[in-house]
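Everything on this sheet refers to the single structure shown next.
The values are calculated or read from the model by the stated rules, or taken from the named source; none is laboratory data. Just so it is clear, the structure is predicted and the values come from calculations on it, not from any experiment. Here the Cβ positions follow ideal geometry from the backbone for every residue, glycine too, while neighbour counts run over all protein chains shown.
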Amino acid sequence: MSNVKTLFITGVSSGFGRALAQVALNRGYRVVGTVRNATAKAEFENLHAENAFAYELDVTHFAAIEAVIADVETHVGAIDVLVNNAGYGHEGVMEESSLDEMRRQFDVNVFGAVAMIKALLPFMRQRRQGHILNITSMGGFITLPGISYYCGSKFALEGISETLSKELAPFNIHVTAVAPGSFRTDWAGRSMVRSARSIADYDALFDPIRQAREEKNGKQLGDPFKAASAMLDVIESSNPPAHLLLGSDALALVRQKMESFSAEIDRWEALTRSTDG
């Protein structure tokens, strides 16, 4: 078992986390996953008699994370790869969405991921090896009306990931921000938190976006199991990327954003340069 890599994946009950866990187990990895209750723990561990381990953990319970990581390192084995997958989408016009909803979005999508990384880094740094995958989103590059809190959290995680990749390079620890496009997960369904509508001025802009998202749910182009396979290809790479887009929609939309941004920079270049002393 010593040559078997151990993956620690947050949020393995559904979506990308479950798909990645299943594909990894099929490839012979040892997988440790976080779940929310005892029923989910038993169900996950039944996936494989020897290589599936589950821990009950809410990533926003920051004080509990270090003990979980230490227990895994002691009783399961050294964690080779951390996959920060736990997260959810918040949908709502910003003016209509409370600050408490924003705090919750950032607690899960950003602070939870960072807390996991901080708990594990001393072990990886001591071993001088490891890989961290942060599941972000094409919403960490592009934006749409009505998901400002979600995009903000994913922009933050993209920036943290890229910076961290530079800080950890001397220790042979890789960091990859994985940005999926639209996939057939629960993101736009039962796992999404939606703020109530209250300001009619936004109806014309936002109502069609919400309706289209609801109608598209379950019919997205992306296959979570193919995404899982792609993530494992990155994990198995000797030179993994700092950023990885998943899905042709993400590729097209991010390229469009980059072209638009480049054109805007060019248009305003003279004013930009005018501020030099």
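Computed values, structure above
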read-out	value
Residue within segment 245-258 that is surrounded by 10 or more Cβ atoms within 10 Å (Cβ to Cβ) and in a loop (DSSP other than H, G, I, E, B) present	yes
Near pairs, Cβ below 6 angstrom, 6+ apart or cross-chain, from segment 152-175 (among the polar types (S, T, N, Q)) to any residue that is outside any helix (DSSP H, G or I)	161/134; 161/175; 161/177; 165/175; 165/242; 172/128; 172/129
Qualifying residue in segment 220-231 (condition: under 23 Å from residue 143 (Cβ atoms) and either hydrophobic (A, V, I, L, M, F, W, C) or in a helix (DSSP H, G or I) (or both))	yes
Matching residues, segment 1-46, being β-branched (Val, Ile, Thr), closer than 22 Å to residue 115 by Cα and touching a residue at least 40 places away in the same chain (Cβ under 8 Å)	6, 9, 10, 12, 32, 34
Matching residues, segment 73-106, being in a helix (DSSP H, G or I) and either among the aromatic types (Phe, Trp, Tyr) or closer than 30 Å to residue 3 by Cβ (or both)	73, 74, 75, 106
Any hit, segment 58-68, residues being out of contact with any strand residue (DSSP E or B) (no Cβ under 9 Å at 6 or more places or on another chain), in contact (Cβ under 8 Å) with a residue 60 or more places away in the chain and surrounded by 16 or more Cβ atoms within 10 Å (Cβ to Cβ)	no
Which listed residue, of 195, 148, 191, is surrounded by 13 or more Cβ atoms within 10 Å (Cβ to Cβ), among the polar types (S, T, N, Q) and under 16 Å from the mean Cα position of the chain (by Cα)	191
Matching residues, segment 151-184, being among the acidic types (Asp, Glu) and under 11 Å from the mean Cα position of the chain (by Cα)	158
Filtered residue count, segment 129-188, keeping only those that are of a type in the set (Asp, Glu) and part of a loop (DSSP other than H, G, I, E, B)	1
Top-ranked residue in segment 100-129 [being buried (at least 17 other Cβ atoms within 10 Å of the Cβ) and polar (S, T, N, Q); ranked as nearest to residue 173 (Cα to Cα)]	109
Members of segment 3-35 that are assigned to a loop (DSSP other than H, G, I, E, B), on the phi < 0 side of the Ramachandran plot and buried (at least 20 other Cβ atoms within 10 Å of the Cβ)	10, 12, 13, 29
Residues (modelled with pLDDT under 95 and aliphatic (A, V, I, L, M)) located in segment 164-194	188, 192, 193
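Results for (1) of a type in the set (A, V, I, L, M); (2) surrounded by fewer than 21 Cβ atoms within 10 Å (Cβ to Cβ), shown as yes or no for each residue.
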site	(1), (2)
137	no, no
152	no, yes
158	no, yes
168	yes, yes
